[in-house]
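The values are calculated or read from the model by the stated rules, or taken from the named source; none is laboratory data. Every value quoted in this text rests on a predicted model; they were computed, and no experiment measured them. Cβ coordinates were reconstructed from backbone atoms using ideal geometry, including for glycine residues, and neighbour counts include every protein chain displayed. We work out accessible area using only protein heavy atoms, side chains counted, and drop any ligands, DNA or RNA first. Shrake-Rupley method; radii C 1.70, N 1.55, O 1.52, S 1.80 Å.
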Amino acid sequence: MIPGLMQTAPLLISGIVTYAAQAHGGREIVSKLIDEPNWRYDYAGLLRRSAQLAHALARLGVGPGDRVTSLAWNTHRHLELFYAVPGIGAVLHTANPRLFDEQIVYTINHAESAVLAYDRNFAELVDRIAPQLTTVKTFVMLSSPERTIPGRVGALSCEALIADEPATIDWPSFDENAGAFLCYTSGTTGDPKGVLYSHRAVVLHAMAGGLNSAFGFTAFDVVMPCSSLYHATAWGVPFSAPICGTKLVLPGDKMDGAALHDLIQGEGVTFTGGVPTIWTMYLDWLEKTGQRPDTLKRVVIGGSAVPRAMAETFKTQYGVDVLQIWGMTETCPIGVVATPTPSLAALGEDAMNDAIWTRQGRLQFGIELRVETDDGQAAPRDGETSGALKVRGPWVVRRYFRKDQDAAQADGWFDTGDIATLDEHGFMRITDRQKDVIKSGGEWISSIDLENIAAGCPGVKIAAVIGVPHPKWEERPLLVIEAHDGASVGKAEVLDYLAPRIVKWWTPDDVVFAPVPLTATGKIDKKVLREAWRRHLMG
Ligand code: ADP
């Protein structure tokens with residue numbers, strides 16, 4: 001080998017905002033806020049205010065490698081933290097406000113954050129947990145000076161902090177492998193684990209995210225991320241969108257049907273994304289009000305399996321394409337995206353839709369996938385043989401923060417905890433999480449497949465399937481249904497709906513109607529459900 005003779009400029013996050021300000025500085029950013037009127041500016045403004053914030057943070061003593069925690073919704077101020085903090089070489093820990101108090105405290109202390117920046121409607125929460133925060137020295141409220149509530153912690157207003165700072169900055173240059181974002185898994189089993197994204201990982205992931213095989217942004221798109229900025233950087237959209245020059249719409253903390261529809265119509269949103277629960281709510285709202293999202297073209301959905309009925313409704317009723325994605329905190333988070341290909345199109349529209357709606361996505365350049373059978377061999381790419389899903393690539397975790405052993409194997413493969421198949425078109429389908437699969441008499445039943453089908457039954461809002469102990473079969477499926485308000489759907493209707501669509505031995509042993517608990521990242525909380533219904537089939 002001889003060394004290449006090209007430049008080696010590091011891939012740094014500050015480069016994204018600098019580029020966006022130069023290449024499409026006038027492209028608009030609109031943000032909803034907490035108790036304040038909507039905010040409007042552009043990428044040039046984002047660069048100016050990020051520079052001011054970077055200077056202010058440095059004045060507070062934040063230096064390279066230091067951690068800053070945000071506890072905030074999807075707003076322009078949170079976006080500015082996304083650039084200012086890593087811009088100066090510090091690390092932004094995006095705390096998840098939907099975790100329990102103890103877990104929020106755990107993550108902030110584990111991150112050893114020096115600064116906590118939070119939205120106004122977290123004032124009470126912060127006052128409550130502050131005595132347990134061992135490293136935070138400065139509290140900053142993401143609010144105007146008049147609206148800032150100092151509280152017991154003596155919070156400073158972020159606007160007062162940046163007001164006199166210069167609006168230009170020479171971003172420092174450093175190793176692209178430096179830590180930039182610290183995102184914790186939701187800790188459904190054990191303590192949350194910290195995944196420390198490097199600049200290089202974030203930038204490569206953002207470049208891949210904009211590609212046509214993924215989100216396929218163009219400069220004409222109007223993009224509204226409804227995945228939370230605090231959850232794995234909202235799927236990297238805060239970076240892909242500025243790279244591609246899209247208009248950016250930040251929905252704040254309100255994700256109900258009416259609020260989202262207002263923004264879609266008012267701002268001309270063409271592209272949005274979020275977890276399935278948001279879209280269940282939105283589709284229900286559209287049906288009840290008879291409204292239509294006129295400008296919307298594509299919705300990316302992931303975080304949990306997308307019910308086929310949801311994708312079909314978006315397409316057939318509203319002409320909106322659904323792209324399913326799969327990923328996890330450990331993969332920055334995008335792993336695969338379900339986008340069409342010529343080889344699928346050649347099979348006809350129905351077959352193509354079927355492939356896209358029922359699979360999590362297809363291979364993206366940058367992430368390798370391996371489905372491994374019990375004997376440690378790679379499963380054939382036949383779309384049938386399932387096994388443990390492993391991933392590797394430049395935006396996959398190697399080691400969790402402050403752990404002394406790697407989470408990935410020496411050859412880079414990281415076991416996702418999911419069970420999947422791969423097919424000849426490069427499409428991956430998750431059949432279950434290893435811990436959720438139902439083992440009935442030595443055979444496996446996919447809880448995801450059953451949920452997906454049951455979710456199509458009229459009146460069903462959320463369908464959850466869990467394996468519960470059974471005296472004869474070890475485990476049998478129990479279907480827990482949360483119905484839409486006012487819907488009259490009973491056990492008989494659900495079983496009749498399932499009968500022609502599943503093999504007989506998959507039929508749930510019982511169907512019960514109850515609220516379905518969700519985790520802090522919007523997934524069905526199967527641990528809680530299994531505990532609640534543990535004895536249901538034991539007689
Ligand atoms: P948590 O902290 O709850 O693990 P993540 O967002 O990192 O939060 O969760 C990742 C997991 O979510 C994946 O391992 C997978 O089980 C599930 N998941 C994500 N997207 C999908 C999808 N499209 N279909 C099915 N499961 C998904």
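Each row is one residue, and each column tells you yes or no for (1) of a type outside the set (Phe, Trp, Tyr); (2) touching a strand residue (DSSP E or B) at 6+ places or on another chain (Cβ under 7 Å); (3) open to solvent by less than 30 Å² (accessible area, probe 1.4 Å).
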site	(1), (2), (3)
Ala351	yes, no, no
Ala355	yes, yes, yes
Arg362	yes, yes, no
Ile367	yes, yes, yes
Arg370	yes, yes, no
Asp382	yes, no, no
Leu389	yes, yes, yes
Arg392	yes, yes, no
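Criterion first (more than 9 Å from the ligand (Cβ to nearest atom) and β-branched (Val, Ile, Thr)) does Val299 satisfy it? Criteria met by Val299. When the residues of the stretch 204-219 are filtered to those that are open to solvent by 10 Å² or more (accessible area, probe 1.4 Å) and of a type in the set (A, V, I, L, M, F, W, C), the one that is nearest to Val68 (Cα to Cα) is Leu204. Inside the stretch 483-539, residues that are within 19 Å of Pro276 (Cα to Cα), more than 16 Å from the ligand (Cβ to nearest atom), open to solvent by 40 Å² or more (accessible area, probe 1.4 Å) and not in a loop (DSSP other than H, G, I, E, B) make up a count of 0.
In summary, Trp171 fulfils each of the numbered conditions (1) touching a strand residue (DSSP E or B) at 6+ places or on another chain (Cβ under 7 Å); (2) away from the ligand (no atom under 16 Å from the Cβ); (3) aromatic (Phe, Trp, Tyr) with the single exception of condition (1).
Assessment of the stretch 261-281 against the conditions (open to solvent by 40 Å² or more (accessible area, probe 1.4 Å), touching a residue at least 12 places away in the same chain (Cβ under 8 Å) and more than 22 Å from Pro458 (Cβ to Cβ)) yields at least one matching residue.
Pairs linking a residue in the stretch 471-489 that is farther than 16 Å from Ala514 by Cα and without any contact (Cβ under 8 Å) to a residue 40 or more places away in the chain to a residue that is part of a strand (DSSP E or B) and not aromatic (Phe, Trp, Tyr), with Cβ atoms under 6 Å and 6 or more positions apart or on different chains, are Trp473/Ser440; Glu474/Lys439; Glu475/Ile438; Glu475/Lys439; Glu475/Ser440; Glu475/Gly467. Mind listing whichever residues of the stretch 162-186 are open to solvent by less than 40 Å² (accessible area, probe 1.4 Å) and within 18 Å of Arg67 (Cβ to Cβ)? Residues satisfying the conditions are Ala178, Gly179, Ala180, Phe181, Leu182, Cys183, Tyr184, Thr185.
Take residues that are at pLDDT below 95 and open to solvent by less than 10 Å² (accessible area, probe 1.4 Å) and tell me which of the strands (runs of 3 or more DSSP E) falling wholly in the stretch 17-115 contain 3 or more.
Output list is empty.
Mind listing whichever residues of the stretch 416-439 are open to solvent by 70 Å² or more (accessible area, probe 1.4 Å) and more than 10 Å from the ligand (Cβ to nearest atom)?
Glu424, Lys439
For the structure I just gave you, tell me whether Thr316 is within 15 Å of the ligand (Cβ to nearest atom) and either assigned to a helix (DSSP H, G or I) or at pLDDT below 95 (or both). Considered against the rule, which asks whether it is within 15 Å of the ligand (Cβ to nearest atom) and either assigned to a helix (DSSP H, G or I) or at pLDDT below 95 (or both), Thr316 comes out as no.
Taking the stretch 328-344 as the range and being near the ligand (Cβ under 9 Å from one of its atoms) and assigned to a loop (DSSP other than H, G, I, E, B) as the test, the residues that pass are Met328, Pro333, Ala338.
In the set Leu479, Leu450, only one residue is within 31 Å of the chain's Cα centre (by Cα), within 16 Å of the ligand (Cβ to nearest atom) and open to solvent by less than 10 Å² (accessible area, probe 1.4 Å); that residue is Leu450. Here the stretch 460-469 is the region considered, the condition is being open to solvent by 20 Å² or more (accessible area, probe 1.4 Å) and within 18 Å of Arg308 (Cα to Cα), and the residue that is nearest to the chain's Cα centre (by Cα) is Ile462.
Can you tell me which residue in the stretch 237-255 is farthest from the ligand (Cβ to nearest atom), limited to those that are more than 21 Å from Pro86 (Cβ to Cβ) and open to solvent by 10 Å² or more (accessible area, probe 1.4 Å)? By that ranking, first place goes to Lys247.
Looking at the stretch 220-236 only, could you name the residues that are within 16 Å of the ligand (Cβ to nearest atom), in contact with a Gly (Cβ under 9 Å, 6 or more places away or on another chain), open to solvent by less than 10 Å² (accessible area, probe 1.4 Å) and not small (Gly, Ala, Ser)? Hits for the stretch 220-236 are Pro225, Cys226.
Checked against (1) within 22 Å of Val195 (Cα to Cα); (2) within 13 Å of the ligand (Cβ to nearest atom); (3) of a type in the set (Gly, Ala, Ser), Gly393 passes all but condition (2).
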